[in-house]
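Report on one structure; see the data block that follows.
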Amino acid sequence: MSSIKNKRILDVLNGVPVDKTPVWIMRQAGRYLPEYKATRAQAGSFLDLCQSPELASEVTIQPIKRFDLDAAIIFSDILTIPDAMGLELKFEDNRGPYFDNPIDDIDDIKSLSDKNTDSKLEYVAEAIIHTKEKLNNEIPLIGFSGSPWTLSTYMVEGSATKEFRKIRSIVFKEPEMLDLLTQKLVKSITEYLIMQAKAGADILMIFDSWGGLLNTQNYVNFSLNPMKEIISNLRKNSITRNIPIVLFTKGGGSWLNQIAESGCNAIGLDWTTDISMARNTVGENIALQGNLDPCALHGTEESIKDAASKIIDGYGFGHRHIFNLGHGIDQYVDPENLGILIDHVKEYSKKYHQN
């Protein structure tokens, strides 16, 4: 790992001073890039793109060729795990990912396989190996998984819905059903993340996209505690013992104290959380990642720079901030605007890193 030339993000995660604030963008390999659209058309479908190691690594590298980013993130989807467990994942362009036969009862959960999930997802490991070769130790590569709670929401609902009523009702009505699903997911996610690290991922991130749906007690029980268990499992494994882990709960701003105790190295913030408040809450022993509103990228050059400056000013002096959006970049963003943002962060943040 020490042979990576640009180690800014690894340094931030390990508490080592840096010369400027590093930046990467959630969903940076995606539909806003014309070259991504071309590769996806070549693949035939979104799932074919995910499951083709060579093409997945190609789209992972596309934003790195175009922008001065400090990390790559492997191109994949969080729903690869439920797919490997036996729920057949489907994808339609106007609908997104979905399951035709979502989970309805405890028997459905019992029939899910949590054995050898990693071997069924070998194509992700192969994509990581291809990508590491292409990156040639220039920057680190991030591997990731969805959180147990977030994967559960899709597995029970069938797809993203407005209210997530079915899964939120199960939380109150049949918590033991959710406990069983969570146990299986903790095991599968642990194995999956170890596999990614073994293949060469330098950083691991857990995306908890829907943790913010829950009240505090249920967030702790069904989202945070399972993520803590995964982190604990990773810390006990020789491959992942020292790997930096980023934990991102969208809507998790009021639980920063609890998230900070999870064992993660960094907390991802969405755009509704004030970064100076977050820093005051969690202190200096943990890094913060975020947290520009993705829609800021639809602004003018001046407004984009101003919005980014406010976040960098909000964090202030110190070396524990990774600049990012507060959620994934959306498909309608002009790539030129992302270039403006990245270049501005690099230049503007220097003043906060002088010795």
> How big is the stretch 140-219 by Rg and Dmax over its Cα atoms, in Å?
Replying inline: 13.9, 43
>> Using the Kirkwood formula on the Cα atoms of the stretch 172-294, what hydrodynamic radius do you get, in angstrom to one decimal?
In response: 15.0
> Over the stretch 254-300, how many percent of alpha carbon pairs lie in each 5 Å bin up to the one with the longest distance?
Replying inline: 5, 20, 32, 20, 11, 7, 5, 1
>> Using the Cα centre of the stretch 146-271 as origin and beta-carbon charges of +1 (Lys, Arg) and -1 (Asp, Glu), tell me which of 214, 204, 194 is placed farthest towards the positive end of the dipole.
In response: 194
> Any idea what angle helix 34-43 forms with the longest principal axis of the chain, computed on alpha-carbon atoms, 0 to 90 degrees, nearest 10?
Replying inline: 30
> Do any GluC sites (Glu not before Pro) in the stretch 47-139 lie in a loop, going by DSSP, with at most 12 other beta-carbon atoms within 10 Å of their beta carbon, and if so which?
Replying inline: 88, 138
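Where does the charge balance sit around residue 121 when Lys and Arg score +1, Asp and Glu -1, over other residues with C-beta under 14 Å from its C-beta? Can you show the working numbers first?
On the way: positive: 115, 120, 187, 198; negative: 77, 83, 114, 118, 122, 126, 191.
Residues near residue 121 contribute -3 overall.
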> Roughly how many Å is it from the Cα centre of the stretch 1-71 to that of the stretch 298-355, as a whole number?
Replying inline: 17
> the stretch 85-153 to the stretch 227-256: how many Å between their Cα centroids?
Replying inline: 18
> Under a point-charge model restricted to the Cβ atoms of Lys and Arg (+1) and Asp and Glu (-1), what is the dipole moment magnitude of the stretch 8-352 relative to its Cα centre, in debye to the nearest 20?
Replying inline: 660
>> Which one, 76, 60, 24, is farthest towards the positive end of the dipole of the stretch 1-106 when Lys and Arg carry +1 and Asp and Glu -1 on their Cβ?
In response: 24
>> Binning at 10 angstrom from zero up to the longest distance, how are the C-alpha pair distances of the stretch 16-79 distributed in percent?
In response: 22, 50, 20, 8, 1
>> I'd like to know which of 341, 300, 323 lies farthest towards the positive end of the charge dipole of the stretch 286-351, counting +1 on Cβ of Lys and Arg and -1 on Cβ of Asp and Glu.
In response: 323
>> On the Cα set of the stretch 237-331, report Rg and Dmax in Å, please.
In response: 13.9, 48
> With the contact rule set at Cα under 8 Å and sequence spacing of 6 or more, what percent relative contact order holds for the chain?
Replying inline: 22
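Rounded to the nearest 500, what is the chain's calculated 222 nm mean residue ellipticity when only DSSP H runs of at least 4 contribute -39500 (n - 2.57) each, over all residues? Don't skip to the answer; put the middle values down first.
Details: 17 runs with 166 residues, N = 355.
After summing the helix terms and dividing by residue count, I get -13500 deg cm²/dmol.
Kirkwood Rh over Cα pairs of the stretch 4-154 into Stokes-Einstein at 10 °C, 1.306 mPa s: D in µm²/s?
Working: Rh = 16.9 Å.
It diffuses with D of about 94 µm²/s by this estimate.
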> Which Rg and Dmax, in Å, describe the Cα atoms of the chain?
Replying inline: 19.2, 60
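Readers should treat all values here as calculations from the given coordinates under stated rules, not as data from a laboratory. The shown structure was predicted, so the numbers you read here are calculated from the model rather than taken from an experiment. Neighbour counts are summed over all protein chains in view; Cβ atoms, including those assigned to glycine, are modelled from backbone coordinates with ideal geometry.
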